[in-house]
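A.B. asks: Sending over a structure as structure tokens; questions will come in a sec.
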Amino acid sequence: MAADAAALVSAREAFARTVRLVTSARLRDPVLLKLVADAADLDALAEIEAATSGRLAAEARGAGEIEAAEFTFGVPHAAFINASFAYWRPRALNRFNGPGRGAWYAALAVETCLAEVAFHMTAFLADAGSFDAAADYAELFASMAGEFIDLRGRPTHPALAPDTTTGYPAGAAVAAAALARGLNGIIYPSVRHRGGTCIVALRPQAVQSVAQGGLWRLHWKGLATPVISRVEPAP
């Protein structure tokens, strides 16, 4: 599997606008902010946040397989970029990252993001035994450019298997090969949205010019298929 991943072709691409969906809770002010009486208290709040934030700790000291020097600073929405790499599922793989290193997953169209998010949230609700839930997701637009492993011509590659027990370990091997070759990430056909194209950035500095977009709501009303609606348009 590792040898096959190392032999995959790469492509140099520039994407002017990709889109990622994050839960709207990530856009809200910290809960403790409402306790701040004046500007002088902001320093104390910052100390509390620094002591409890995995992102801030990772930015300062690195975390898992990612070094502190890899994070990005001084650009709009750097916190969103760095958080995607600082947090990961501690005991499980995602398609192209696992414990020790996060990634920035995006797509060329929001419909692709919605299909991907809906699939994973539906699976979570199925495990919980209830399809009564609502969740809001915000768009984050970003540009990406550089050299990527290109799986668009390999739709049957094991890394794209719908069965996660097959696809995720194969995807981890592809990601490891991309990092070893100094590439920025992977371009691949969406597994959950036919015809969609996804891009995963494996390095924080590959994510550029991040801007907030609109808001979407996914509402499960007792059925496994959510009702999807736009709550707020993009600015």
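A.B. asks: Distance from a point 7 Å along Cα→Cβ of Arg12 to each backbone N in region 131-152: keep the residues under 13 Å and list them by number.
C.D. replies: It comes to 145-148, nothing else.
A.B. asks: For a quick check: sort Phe119, Phe73 by the number of other beta carbons within 10 angstrom, fewest at the front. Provide the component values of the computation, followed by the final result.
C.D. replies: On the way: Phe119 15, Phe73 10.
Fewest-to-most ranking of Phe119, Phe73: Phe73, Phe119.
A.B. asks: Extension gain Thr165-His120, at 0.36 nm per residue separation less the Cα-Cα distance, in nm?
C.D. replies: Roughly 14.8 nm would be gained on extension.
A.B. asks: Where nothing but the Cβ of Lys and Arg (+1) and of Asp and Glu (-1) is charged, how large is the charge dipole of the chain around its Cα centre, in debye to the nearest 20? All intermediate terms of the calculation are to be shown ahead of the outcome.
C.D. replies: Values: 21 positive and 22 negative charges, 143 e Å.
Magnitude of the dipole: close to 680 debye.
A.B. asks: Okay, next question. Of all the stretches in the chain, which is the longest one without any exposed loop site, taking GluC sites (Glu not before Pro) in a DSSP loop (any state but H, G, I, E, B) with at most 16 other Cβ atoms within 10 Å?
C.D. replies: Counting at most 16 other Cβ atoms within 10 Å as exposed, the longest clean stretch of the chain is 68-235.
A.B. asks: Distance between the C-alpha centers of region 52-82 and region 117-185? Whole Å please.
C.D. replies: Measuring centre to centre over Cα atoms gives 21 Å.
A.B. asks: If each DSSP helix of 4+ residues adds -39,500 (n - 2.57) and the sum is divided by the residues in the chain, what number results at 222 nm, nearest 500 deg cm²/dmol?
C.D. replies: -9000 deg cm²/dmol
A.B. asks: To continue, here is another question. Multiply the residue gap between Asp4 and Val75 by 0.36 nm, knock off their C-alpha separation, and tell me the result in nm, one decimal place.
C.D. replies: That works out to 21.9 nm of additional length.
A.B. asks: Name the residues of region 192-235 whose amide N is less than 20 Å from a point 7 angstrom out from the Cα of Asp132 along the C-beta direction?
C.D. replies: What the label zone holds, given the 20 Å backbone N cut-off, is 218-228.
A.B. asks: Tell me, Tyr87, Tyr168 in order of fewest to most beta-carbon neighbours within 10 Å?
C.D. replies: Tyr87, Tyr168
A.B. asks: What list do you get for Phe85, Phe131 if you sort them by fewest beta carbons within 10 Å?
C.D. replies: Details: Phe85 27, Phe131 15.
The order, fewest Cβ neighbours first, is Phe131, Phe85.
A.B. asks: Okay, moving on. Would you mind checking which residues have amide H under 5 Å from Gly214's amide H? H placed 1.01 Å from N; only 5 or more apart, or other chain.
C.D. replies: Glu139, Ala234
Readers should treat all values here as calculations from the given coordinates under stated rules, not as data from a laboratory. As the structure is a computational prediction, the values presented were derived from the model and not from experiment. Cβ atoms come from the backbone with ideal geometry, glycine included; neighbour counts cover every protein chain shown.
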